[in-house]
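The values are calculated or read from the model by the stated rules, or taken from the named source; none is laboratory data. Treat the numbers as computed from the prediction; the structure is a model and nothing was measured. Ideal geometry is used to build each Cβ from the backbone, glycine not excepted, and the neighbour counts take in all protein chains shown. Calculation scope for accessible area: heavy atoms of the full protein, side chains included, ligands and nucleic acids excluded. Shrake-Rupley method; radii C 1.70, N 1.55, O 1.52, S 1.80 Å.
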Amino acid sequence: MQKDVLDFVVEKTHELIDSPTCNSETRASAEAWLAAVGTERQAAATETYIGELEADIMPIDGLIGFADSEAGAQVFGADKAKEVAAHAREIKAAGARYCDCPACAACEAILAKKDAILG
């Protein structure tokens, strides 16, 4: 991986880890990847990390469906769930493919460089 790409991914990975919306599995994978950078484990950790990011980033339609559901109302609260769903519909109409919370935004930025990361 080129140094500029590595530096970008390290920066975005720290943003992901620091995000309050990052789940524990993604955080653990991000931390494991950072620990592997510069070691013989880096290539394998990178593949695992990319797989975790792809599995955990929230597609915009998934966010809308969740926010509109009873489970979404339980997680966010009824009023906040309506706000989240409305926001998600608004960003989808503007072209968003994924949730724009801090964790998903970091995931999306990293995944946008997937070819350079894995190549």
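Quick one: would you say T39 is in a loop (DSSP other than H, G, I, E, B) and either open to solvent by 40 Å² or more (accessible area, probe 1.4 Å) or farther than 26 Å from G119 by Cβ (or both)?
When the stated conditions are applied, T39 passes them.
Give the residues of the range 92-118 that are in a loop (DSSP other than H, G, I, E, B) and in contact with a helix residue (DSSP H, G or I) (Cβ under 9 Å, 6 or more places away or on another chain), sorted by residue number.
To start, the set of residues in the range 92-118 that are in a loop (DSSP other than H, G, I, E, B) comprises 94-97, 99-101, 112-113.
Listed by number, the residues that qualify are A96, R97, C99, D100, C101, K113.
Scan the range 17-42 for residues that are touching a Cys at 6+ places or on another chain (Cβ under 8 Å) and not small (G, A, S) and report the count.
Summing the residues that are touching a Cys at 6+ places or on another chain (Cβ under 8 Å) and not small (G, A, S) in the range 17-42 gives 2.
Give the residue that is surrounded by the fewest Cβ atoms within 10 Å (Cβ to Cβ), with candidates limited to residues of the range 82-98 that are closer than 17 Å to A112 by Cβ and out of contact with any strand residue (DSSP E or B) (no Cβ under 8 Å at 6 or more places or on another chain).
G95
List, please: which pairs have Cβ atoms under 7 Å, are six or more places apart or on different chains, and start with a residue in the range 47-64 that is over 23 Å from H87 (Cβ atoms) and end with one that is open to solvent by less than 30 Å² (accessible area, probe 1.4 Å) and in a helix (DSSP H, G or I)?
Close Cβ pairs (under 7 Å, with a partner that is open to solvent by less than 30 Å² (accessible area, probe 1.4 Å) and in a helix (DSSP H, G or I)) amount to T48/S29; Y49/S29; Y49/A30; Y49/W33; I50/I117; E52/T26; E52/S29.
For the range 62-78, indicate whether the set of residues that are within 16 Å of the chain's Cα centre (by Cα), farther than 25 Å from A28 by Cα and not hydroxyl-bearing (S, T, Y) is non-empty.
no
Restricting to the range 46-81, what's the tally of residues that are in a helix (DSSP H, G or I), at pLDDT 95 or above and either open to solvent by 80 Å² or more (accessible area, probe 1.4 Å) or among the aliphatic types (A, V, I, L, M) (or both)?
19
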